[in-house]
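S.K.: If you scroll down you'll find the structure; I have some questions about it.
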Amino acid sequence: AEATYDVSDRLHLTAGGRYYDYSEDRTATQVGLFAAGIVDVQDPTSADGFSPRFMAAYDVSEEVTVNAQVSHGFRLGGVNDPLNTGLCSADDLATFGGFQDYDDETLWNYEVGVKVNTGKLQLNAAAFYTDMKNLQVTVDAGSCSSRVSFNVPEAHSMGIEAELKARPVEGLDISIAASLLESEFDTASDNPAITNAGISPGNRLASTPE
């Protein structure tokens, strides 16, 4: 649910939220030459909570609007598939064998922006900072021929992004978009051996540009 209140002709306040209640039950069986040899193991996952969002928008003029937003995000945790223990070296089994399940990931996002629309020119720009807790990360489990997901306690992402569109003459549209981004781990995993995968404070998050 979400609602907007017009404080004045120019100032608009929005508040909303989402309630979630997840419950998942999984039964795992893994047998074979390299398997862990488990049969009908129950893996439950559940979570519930509330994610709010607050936004303020101010019309500086008919052509310019500035806005600010605070929002909360959530991603469900889960249970890893069993390792192929028959393939694991003793060291890799000790390193990755303890990652049976992983917790929910949450974040707070803080953002300010501006929108300009003159008819022939449109500009959308925003600066943001995202504070992540229990970030879910997936790595290869060494010799086990498996992948495991786990939580890194703290990480952040911040940056600036902008999009410019112009119509200099009828029938000709020009647009350009750009962003400047920093996404880094703020802490390491609770398992020191995971730092070998590059998960340590100050290192860039996977799949993010430099």
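S.K.: Which three numbers, in whole Å and largest first, are the semi-axes of the equivalent ellipsoid of the range 118-210 derived from its Cα gyration tensor as √(5λ)?
M.R.: 40, 15, 9
S.K.: Between the range 23-99 and the range 140-181, what's the alpha-carbon centroid distance in Å?
M.R.: If we compute the Cα centre of each part, the gap is 20 Å.
S.K.: When only alpha-carbon atoms count, how far does the range 1-123 stretch along each of its three principal axes, as whole angstroms with the largest first?
M.R.: Projected onto its principal axes, the Cα set of the range 1-123 covers 70, 30, 23 Å.
S.K.: Tally up the carbon and sulfur contribution to the accessible surface of the chain as a whole percent, 1.4 Å probe, everything protein left in place.
M.R.: Carbon-and-sulfur percentage of accessible area, whole number: 52.
S.K.: Using +1 at the C-beta of Lys and Arg and -1 at the C-beta of Asp and Glu, which of Gly171, Ala47, Ser189 has the Cα lying farthest in the positive direction of the dipole of the chain?
M.R.: Sorting the options by dipole projection puts first Gly171.
S.K.: Now a separate question. Taking θ = phi - 60°, what integer Hz values does the Karplus form 6.51 cos²θ - 1.76 cosθ + 1.60 yield along the range 92-109, in sequence order, with x for Gly and Pro?
M.R.: 5, 5, 5, 6, 9, x, x, 8, 6, 9, 9, 7, 5, 9, 10, 7, 10, 10
S.K.: Calculate, for Ala3 and Arg204, the FRET efficiency according to 1/(1 + (r/R0)^6) with r their C-beta to C-beta distance and R0 41 Å; round to the nearest 0.05.
M.R.: Using R0 = 41 Å, I get an efficiency of 0.60.
S.K.: Kirkwood Rh, Cα Rg: Rg to Rh for the range 68-118?
M.R.: My calculation puts Rg/Rh at 1.38.
S.K.: I would also like to ask the following. Under 5 Å between amide hydrogens, which residues at least 5 positions from Gly86 or on another chain qualify, with H placed 1.01 Å from N in the peptide plane?
M.R.: It is Ala35, by chain and number.
S.K.: Run the helix sum for the chain: -39,500 (n - 2.57) per DSSP H stretch of 4+ residues, divided by residue count, reported at 222 nm to the nearest 500 deg cm²/dmol.
M.R.: That calculation yields -1000 deg cm²/dmol at 222 nm.
S.K.: Could you work out the local net charge near Gln100, counting Lys and Arg as +1, Asp and Glu as -1, over the other residues with Cβ closer than 13 Å to its Cβ?
M.R.: In short, -3.
S.K.: Express the accessible area of the chain per residue in Å², computed with a 1.4 Å probe while the remaining protein chains stay in the model.
M.R.: Accessible area per residue: 61 Å².
S.K.: Test of understanding: express the Cα radius of gyration of the chain as a ratio to 2.2 N^0.38 Å, with N the residue count.
M.R.: Ratio of Rg to 2.2 N^0.38 Å for the chain: 1.38.
S.K.: If you don't mind, another one. Convex hull over the Cα atoms of the range 125-167, averaged projected area in nm²?
M.R.: 5.2
The values are calculated or read from the model by the stated rules, or taken from the named source; none is laboratory data. Not measured: the values here are computed from a predicted model. Please note: Cβ atoms are built from the backbone with ideal geometry, for glycine as well, and neighbour counts cover all protein chains shown. Just so you know, the surface numbers come from the protein's heavy atoms only, side chains and all, with ligands and any DNA or RNA stripped out. Shrake-Rupley method; radii C 1.70, N 1.55, O 1.52, S 1.80 Å.
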